[in-house]
Amino acid sequence: MTDLAHWLKGQTADHSLASAVLSMAAAGAELADILRLAPIAGQTGLAGSDNVQGEAQKALDVISNDIVLNHLRQNPAISILISEELDEAVDLSSQGPLIVATDPLDGSSNLDVNVTVGTIFSVLASEGGLLQKGRNQLAAGYVAYGPATSLVVRISGATSVFTLDRNGAWLQTLAEAKVPQASGEFAINTARERFWDAATTGYVKESVAGETGPAGKRYNMRWVGSMVADIHRILMRGGIFLYPLDSETKAKGGRLRLLYEANPMAWLIEGAGGRSTTGAQGILDIEPEHIHQRVPVILGSADEVRRVEERYARE
Ligand code: P6P
């Protein structure tokens, strides 16, 4: 069973890029230890502060951000950190060739109820600046803190899965993830139905109609409320994740953030043969306007994403 460091040697000759992934993996391993014992340490509560998104920060949001910051500060290859938890981008080392964008603890509202949360990251070349299309990513990944602690990472080839062992080593447990082309499982927050556009409403209605409806097959629904958990399920067994633009999120551009949620997840899903869209365009083709930009996110099994795209095309 190969480990992360050996796999990286086969994926890239760029030592800086490999070191950036190893730094995020080390931050994830440190955070996994903290999360496992957080209820005992009384760390699952609120921090008493809000982030730039206006969301109440959990104590562990702040702790996670600090852990990522500490690991990246020690890596001279990283020039800038963009974080969901920080209003502005942070300069780390002026000569570093790489930028890291991260959601240090995505889904943290699930911590109180012991549901899988994650650290999402995206790596870009410093020379391209902060606002680059997702297609420019040099690497992306996430750590899923679940029953097992998984690291999913892609440089430019396959999307690969590693599992943290008891000695702190990341062992490869799936060399090449493959998102099944077809699927009978959709993930959406159906409590938002009254805000949906016609394309989303039509897709969900058709899916719920099951075997006797136009889709001609039975669907199941899952919605964890933790993007890393939902995306990991889709990566491993297929499905479609939808957080579309709706009448309530329209003013903000969407719910999920482009640089450190949508882009890295689209990079990983497309690396595994899946597909991603906002409904209007491919997520990886969006020209970012600011570091905390929000966008609609629809991604997963290619056949299902295409069904949604066809509906938007008819609108
Ligand atoms: P809702 C978590 O807050 C998050 O950013 C994602 O991890 C998750 O997919 C989404 O929001 C859940 O949103 O509206 O269902 O609470």
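Scan the stretch 58-115 for residues that are of a type in the set (Asp, Glu), within 20 Å of residue 255 (Cβ to Cβ) and in a helix (DSSP H, G or I) and the total you get is 1.
If I filter the stretch 42-61 for residues that are at pLDDT 95 or above, among the β-branched types (Val, Ile, Thr) and within 15 Å of the ligand (Cβ to nearest atom), do I get at least one hit? No, that holds for no residue. Among the residues of the stretch 242-285, those identified as closer than 15 Å to residue 188 by Cβ and more than 16 Å from the ligand (Cβ to nearest atom) are 277, 279. Of all residues in the stretch 40-55, none satisfies the criterion of being part of a helix (DSSP H, G or I) and in contact (Cβ under 8 Å) with a residue 24 or more places away in the chain. Do any residues in the stretch 189-205 that are open to solvent by 40 Å² or more (accessible area, probe 1.4 Å) have Cβ atoms under 7 Å from those of residues that are away from the ligand (no atom under 13 Å from the Cβ) and among the charged types (D, E, K, R), where the two are at least six apart or on different chains, and which pairs are they? Between residues of the stretch 189-205 that are open to solvent by 40 Å² or more (accessible area, probe 1.4 Å) and residues that are away from the ligand (no atom under 13 Å from the Cβ) and among the charged types (D, E, K, R), the close pairs are 198/315.
Can you name the residue in the stretch 90-127 that is free of Cβ contacts under 8 Å to residues at least 24 places away in the same chain and not polar (S, T, N, Q) and, of all such residues, is surrounded by the most Cβ atoms within 10 Å (Cβ to Cβ)? Break it down into steps so the answer makes sense when it comes.
Residues of the stretch 90-127 that are free of Cβ contacts under 8 Å to residues at least 24 places away in the same chain, as a first pass: 90-95, 113.
Restricting the remaining residues to those that are not polar (S, T, N, Q) gives 90-92, 113.
Values: 90: 16, 91: 10, 92: 20, 113: 8.
Looking at residues that are free of Cβ contacts under 8 Å to residues at least 24 places away in the same chain and not polar (S, T, N, Q), I get 92.
Only a single criterion out of (1) assigned to a loop (DSSP other than H, G, I, E, B); (2) touching a residue at least 40 places away in the same chain (Cβ under 8 Å); (3) away from the ligand (no atom under 16 Å from the Cβ); (4) in contact with a helix residue (DSSP H, G or I) (Cβ under 7 Å, 6 or more places away or on another chain) is not satisfied by residue 1, namely (4). Answer yes or no: is there a residue in the stretch 216-227 that is assigned to a helix (DSSP H, G or I), at pLDDT 95 or above and within 11 Å of the ligand (Cβ to nearest atom). Yes; the residues of the stretch 216-227 include at least one that is assigned to a helix (DSSP H, G or I), at pLDDT 95 or above and within 11 Å of the ligand (Cβ to nearest atom).
Screening 37, 17, 31, 8 for residues that are in a helix (DSSP H, G or I) and within 13 Å of residue 164 (Cβ to Cβ) leaves exactly one candidate, 31. Reported count of residues in the stretch 168-181, each being under 21 Å from the mean Cα position of the chain (by Cα) and either outside any strand (DSSP E or B) or not hydrophobic (A, V, I, L, M, F, W, C) (or both), is 9.
Taking the condition surrounded by 14 or more Cβ atoms within 10 Å (Cβ to Cβ), of a type in the set (Phe, Trp, Tyr) and in the same structural domain as residue 64 (by TED's automatic domain parsing), does residue 170 pass? Answer is yes for this residue. Residues that are buried (at least 19 other Cβ atoms within 10 Å of the Cβ) and farther than 21 Å from residue 133 by Cβ within the stretch 70-89 comprise 71, 72, 75, 77, 85, listed in sequence order. Each residue in the stretch 256-313 was checked for being within 15 Å of residue 199 (Cβ to Cβ), open to solvent by 10 Å² or more (accessible area, probe 1.4 Å) and free of Cβ contacts under 8 Å to residues at least 40 places away in the same chain, and 7 of them qualify.
Quick check on the stretch 286-298: of everything there that is more than 15 Å from the ligand (Cβ to nearest atom) and not aliphatic (A, V, I, L, M), which residue is farthest from residue 84 (Cα to Cα)? I'd like the intermediate steps shown before the answer.
Kept after step one, since they are more than 15 Å from the ligand (Cβ to nearest atom), are these residues of the stretch 286-298: 286-291.
Still in the list and also not aliphatic (A, V, I, L, M): 287-290.
Values: 287: 19, 288: 15, 289: 15, 290: 12 Å.
For the stretch 286-298, the residue satisfying everything is 287.
The values are calculated or read from the model by the stated rules, or taken from the named source; none is laboratory data. All figures in this text were calculated on a predicted structure; none of them were measured in a lab. Here the Cβ is made from the backbone with ideal geometry for all residues, glycine too, and neighbour counts use every protein chain on show. Areas reflect the complete protein model, heavy atoms only, side chains present, ligands, DNA and RNA absent. Shrake-Rupley method; radii C 1.70, N 1.55, O 1.52, S 1.80 Å.
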